[in-house]
Every structure is written in structure tokens, then in C-alpha cells.
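Here is the structure we will look at.
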């Protein structure tokens, strides 16, 4: 009888100890802090296609030759669209970029004592770019082909309008703003060459050379 009593008491004591231990373990686990997930921002890369808008100001010189020598200084605003693609290889960023802009560059002057005018109403470029990957910043040089119209006018004669292919070279800097957005500032020198001669003027025609300073905003896919 005593042995049964001792066995019962021992079993009850062991059960109580196990319940107490389980309760303590549950309480300890409930008290452990739960770590919040760590947000890791996506790393920006210059590689990929992009589309954007650009706008700025052009200023240059158009010289008339032939029977009415002289020059004017066309200037005015530009605005248009941009499309391009970059490849980042180490610290180098290679790219190709094209744009097409509406242009309002024009000027009136005097050529051999007669009124003359040169205009440009649209301008496009197709350029290569080579930049340096400085993280959020990318300075770059650029160059390639330029396309646009050259209008030549001498008072008393008919106008000529010529679509010309020329060349361009320049430099700029582009910066990552936020998310897929970047912004840039650049300088381009553009030479479209000489337009068609105006009939009856002894071969008078204007060439078109301009300096462009513009900014742009791009969205990278």
C-alpha cells in the first residue's frame, strides 16, 4: 500500500514538473522578439532601353556665299523626344541614342546689302555615347550623325528648303533621380552643311552650324 502511495506521489510530482517546464518554454517563446523583414532597395543599373523628352536652346551662324555673301546668327528653342539603349560594362557605359526635335532657330540679316534669312524647323541626331559609371552619376561624350532642314532666303528671290545630313559632337552628364527616372544636361555642336542654292542669285545659299544646350528627362525600362 505504501509503495502504491509513493508511486502515485512521484507520478504527480513529475507531471507537475513537466507542466511547469512546458509553460515556461511557451512563455519564453512568446516573449522572443520577431524580427521585421529587411527591405533591400533595388540596385540601379544603367543597362537597358529608355525613352524621354528633351528641350533647350540653339545658337549659331549661317553664312551665305555666291552672289550675296553675308551671314546671320539663327537662334531659338528646341523640344522633342529621345530614344536610346545603354550597356554598362564595368565602369564604362556604352550607348546609342536618337532624338528628333521641333526647332525654331532663325535669324534675319543683310547679305551684300539685301535682306537675307536662314531658318531651321526640325533637327534630329543619331549618336553613340560613352560614359563613366559613377553610381548615380554618368558623365559622357557623344557624337554621330545629324539631320535637319536648312532654309535659305534672299529678298526678291524664291526660298530654298533642303533636308541635310551632317554631323554632331558633344558631352553631357546624366543622373539617376529616383526609380526608373534619370535627368541629363548636354551640349551638342551640329553642322548640317550648305543648303541648296537660291535660283537667280549666282549660287547664294546658307549653311547651318549651331551650338545646342539642352536638358532631358528619361524613363528607363
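Here the spin labels are modelled as points 7 Å beyond Cα on the Cα-Cβ line, and at residue 108 and residue 134 they lie 4.5 nm apart. A simple spin-label model places pseudo-atoms 7 Å from Cα toward Cβ; at residue 94 and residue 196 they are separated by 4.0 nm. What FRET efficiency do you get for residue 145 and residue 45 if R0 is 25 Å and r is their Cβ-Cβ distance, rounded to the nearest 0.05? After rounding to 0.05, the efficiency reads 0.35.
Once the Cα-Cα distance is subtracted from the 0.36 nm per residue extended length, the residue 63 to residue 185 segment shows a gain of 41.1 nm. Mind grabbing the base-10 log of I(q)/I(0) for region 48-220 at q = 0.14, 0.18 Å⁻¹? Debye formula, identical points on the C-alpha positions, no solvent, two decimal places. Debye intensities relative to I(0), on a log10 scale: -0.70, -0.99.
Give the Rg/Rh ratio for region 80-136, taking Rg as the radius of gyration of the Cα atoms and Rh as the Kirkwood radius, to two decimals. Spell out each step's value before the answer.
Numbers: Rg = 18.8 Å, Rh = 14.4 Å.
Rg/Rh: 1.30.
Peptides 196-209, 78-91, 164-177 ranked from most to least packed give 196-209, 164-177, 78-91, packing being the mean of other C-beta atoms within 10 angstrom over each peptide's residues.
In this structure, residue 219 and residue 169 have a Cβ-Cβ separation that, at R0 = 25 Å, corresponds to a calculated FRET efficiency of about 0.45.
Round to the nearest 0.05 the FRET efficiency obtained for residue 155 and residue 53 when R0 = 41 Å and r is the Cβ-Cβ distance.
Values: r = 37 Å, r/R0 = 0.91.
Calculated transfer efficiency: 0.65.
Along its principal axes, region 107-147 has C-alpha extents of 56, 17, 15 angstrom, given from the largest down.
Only the coordinates and a few stated rules stand behind these numbers; no lab work does. As the structure is a prediction and not an experimental result, all values here were calculated from the model. Ideal geometry is used to build each Cβ from the backbone, glycine not excepted, and the neighbour counts take in all protein chains shown.
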